[in-house]
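Data block below; observations after.
What follows draws every value from the coordinates through simple rules; no lab data is involved. It should be emphasised that the depicted structure is a prediction, and the values quoted were computed from it without experimental measurement. Here the Cβ is made from the backbone with ideal geometry for all residues, glycine too, and neighbour counts use every protein chain on show.
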Amino acid sequence: MSYLIMECAASYAVALDEEGRFVKVPNLGYEVGQEVDDVVTFEGSPFGEADVIPFEARRVRRTRGRRAALLAAAACLAVAVVAGAAVWQVPVGTVYMSINPEVSIAVNRLDRVVGLDGENDDGDDLIEGFSYYGRTIDEVSDGLADRAEERGYLDDGGTIELTVESDDEEWKTATEDRLIVELEVHLDHRVVVTGAGETAAPAPAPEPSAPSVQAPSPESAPDEGVVPPAEDDDWDDDRDDGWDDDGDADDDDDDDADDDDDDDNDDDD
């Protein structure tokens, strides 16, 4: 009788005989797919007839195992789908975008948009026909800003005000900061984007520069006790160097007059 080796383990192999039975035999170096004319069975061992597995019984066992595996996989997939749907559909927060049209954008924890509503008539007009579901909040905010420009709601120098509401404070702060930067960069800083409670401050005008005035240098007063050289003496009243040379000359004349008076008195005596 010939056998076809179907499975190989470390110490045994499963062979298929000509009658369609699976027989567990000692593994004598067999390989899967190998055909042998004779095998050594476990006769006299504790396995006995249990080592002979009819083909129909083996097929039933495999079918049951596959069904159980498929059912388990289907159950896991169903749980994953339900959990994913819950995470996808439930918003973690809402972004209010106010230009003149005002819209509210519902965002899930994956930063995907799951809802978009107009908060006024212009907001309804702005979102009409706009595709948003499943897109990121960054893409939706950029697209709405572009549409607002196209429809004349937003001009250069205009303002976009963002308000983010969420019970998750960390997500709220991070989303607001990211969207402000995203919109400013997307619009080439042509508009002002503010967060909740902020006011758009106009750009400061440059202050005119005052003309520089050079202060006159103070005239240096002559040091006392310093006698100017003779060639710089100002006996001429038309040229004054700050020294009272005329006063000194008058003093000398007075001294000479006194000397003459003394001489006259001596002569009289």
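Assorted remarks:
- Overall form of the range 90-194 per C-alpha gyration tensor (a/c, 1.5; a/b vs b/c): oblate
- Label point distance in nm, Leu71-Glu169, each placed 7 Å from Cα along Cα→Cβ: 5.0
- Protection proxy ranking, peptides 4-14, 25-35, average beta carbon neighbours within 10 Å, highest first: 4-14, 25-35
- Protection proxy ranking for 127-138, 95-106, using the average of other Cβ atoms within 10 Å per residue and placing the highest first: 95-106, 127-138.
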